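Enquirer: Pasting a structure below so you can have a look.
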Amino acid sequence: MKYKLQSILNVTFAICFIYTISLTQSAHAYLGGFENVDGYRPFLDDVANYNAGAHGVNAGGGAYSTITPNSGQWVKLQGSLIPATGTTGAVSYATGHQNVDRLNPSTAAQGLVITTNADGWTAGPQEYSYAVDSFDLAGVNPLTTGATTVDISFWSCAQIVGSNDPNSGLGAGTIGDTVSFYDSSGNLGFSVGYRQPGITTDFAATNVGSWVQSAVAVNPSTYHRWDISLDLLNDTVSIDIFEGTTLTNLVSGAPLVNNMGDLSELRFESTAGVNNAKIWSLDDFGFDVRQIPEPSSVVLMVGAVICTLARRRRR
């Protein structure tokens, strides 16, 4: 009897495991790799001025087209859109940019660059909103992600100019180059970014209720990877960062700042002020949507297994 019970449990576990795996959806976001095939034009084509992320082969096809600014997937929330220039005569932008690709630097391959270079050190940051769509989530409608776990990874190369910079700089405690995660109702779940505690070294930081500086120093000249597991059923998040050769856990199963009904929007906010040395590059976003089996489904599967084994025993 003990052996038969163990057999039932083994078979049930196997079915549940296979069922869970079958509901996993994977994608490399066409938010993206920021290449032409992902729908991104090259340098100085600001993403809020055309159908960025919505016209490339990987993003549903179609042709490039200019649009009414801020009417597409990308909306600029703070700062002047190029081709307008600021008080310094320079521009600020978010654009597909050659020579900053994570895997192929110094080539025509692209990353996304967000920079502040228009209105002086006292100016505010540049901030963009990106509307997540089904191409980012391997066909899953973002509005249906409320009972799922979404695993998110992306690469970032960020720098906050410290107060010892010869051209001025930003004071100790500056938070910048942040990515924030929102639902369709505008609820902020959490943020990741960087803090400049003094004059030289930046550190990875997280905001799941308040900004917390980690002990992980980031290299401003190389990419590092953020790994995020967002549990939208239980409204918790776990966050790791991969810097150099080391993966470090920063947050584990923490309650969100606000409960999220889904994952529908990302917001990108640069540091304040000016200096092209403060270029912030992003690349290679990826999303996995893991559907969580409903308890009723699991109960039905267990019942089916038990009935099947019982019939076999009678025979």
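What follows is calculated from the coordinates using simple rules that are stated; it is not laboratory data. Note that the structure is a prediction, hence the values are computed from the model and not measured. Here the Cβ is made from the backbone with ideal geometry for all residues, glycine too, and neighbour counts use every protein chain on show.
Enquirer: What FRET efficiency comes out for Gln213 versus Thr68 if R0 is 45 angstrom and r is the Cβ-Cβ distance? Round to the nearest 0.05.
Expert: E between Gln213 and Thr68, to the nearest 0.05, is 0.65.
Enquirer: Of the peptides 81-91, 101-111, 44-54, 259-269, how do they stack up when ordered by the mean number of other Cβ atoms within 10 Å, highest first? Display every interim value, and only then the final one.
Expert: Details: 81-91: 14.5, 101-111: 16.8, 44-54: 22.9, 259-269: 20.7.
My ranking of the peptides, most packed first, is 44-54, 259-269, 101-111, 81-91.
Enquirer: Follow-up question, since we're still on this one. Classify region 25-292 from the C-alpha gyration tensor, please: rounded if a/c falls under 1.5, else prolate or oblate depending on whether a/b exceeds b/c.
Expert: oblate
Enquirer: Suppose a student asked you for the relative contact order of region 25-292, using Cα pairs under 8 Å spaced at least 6 residues apart; what percent would you report? List each step's numbers first, then the result.
Expert: Values: 789 pairs, mean separation 66.0, N = 268.
25 percent.
Enquirer: Between Ala108 and Asn164, what is the FRET efficiency for a Förster distance of 51 Å, r being their Cβ-Cβ separation, to the nearest 0.05?
Expert: Working from the Cβ atoms, E equals 0.90.
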